[in-house]
Amino acid sequence: MIFFLSFLWSCKDNQKFTPEQTIIIAQVDSSVIQASGVIKLLQQKADSLKPLNEFESIKLYNSLYMLKENTAALKTYHDSLLKHSGDALSLNNLCIEASTQAAYVNGLVTAGKALY
């Protein structure tokens, strides 16, 4: 059993991330979690406003759509980071793109909170 477990451990992808890359991955995780919470809140509010004030509801749905689309893109970047098997330069570029997307999603989260 010990040999089997050690064999599995040795077969595991041992890709190491730099401290900066680890921070970016943590920021992406945090952004996705925050966005998911705001998406739920906006969805509830937009649904409840629809029969009362259609204009306000449409504004919320537009913000909700933008947040959902960009959060999905951020999740794709997150998955790509974790599954990355290329060279260090492409990993750094992917980290930059993910960090930029996370900053944009954070802006949308802030706007969504303000609308809520």
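Remarks
- Reported label for calculated Rg/Rh (Cα atoms, Kirkwood Rh) given (1) 1.18; (2) 1.02; (3) 0.91: (1)
- Taking a Cβ cut-off of under 11 Å around Val38, the surrounding Lys, Arg, Asp and Glu residues balance to a net charge of +4, with basic ones at +1 and acidic ones at -1.
- Heavy-atom accessible surface of the chain: percent carbon and sulfur, 1.4 Å: 63
- Approximate spin-label separation Ile23-Asn53, in nm, with each point projected 7 Å along Cα-to-Cβ: 4.1
- Take every Cα pair under 8 Å whose residues are at least 6 apart in sequence, average their separation, divide by the length of the range 37-116, and the relative contact order is 37 percent.
- Between Ala88 and Gln44, residue separation times 0.36 nm minus the direct Cα-Cα distance comes to 11.6 nm.
- Loop sites by DSSP among the trypsin sites (Lys or Arg not before Pro) of the chain, restricted to those with at most 15 other Cβ atoms within 10 angstrom, leave 17-116 as the longest stretch without any of them.
The values are calculated or read from the model by the stated rules, or taken from the named source; none is laboratory data. All figures in this text were calculated on a predicted structure; none of them were measured in a lab. Because the Cβ atoms are built from the backbone with ideal geometry, glycine has one as well, and the counts that use them run over all protein chains shown. Remember, those area values only see protein heavy atoms, side chains included, never the ligands or the DNA or RNA. Shrake-Rupley method; radii C 1.70, N 1.55, O 1.52, S 1.80 Å.
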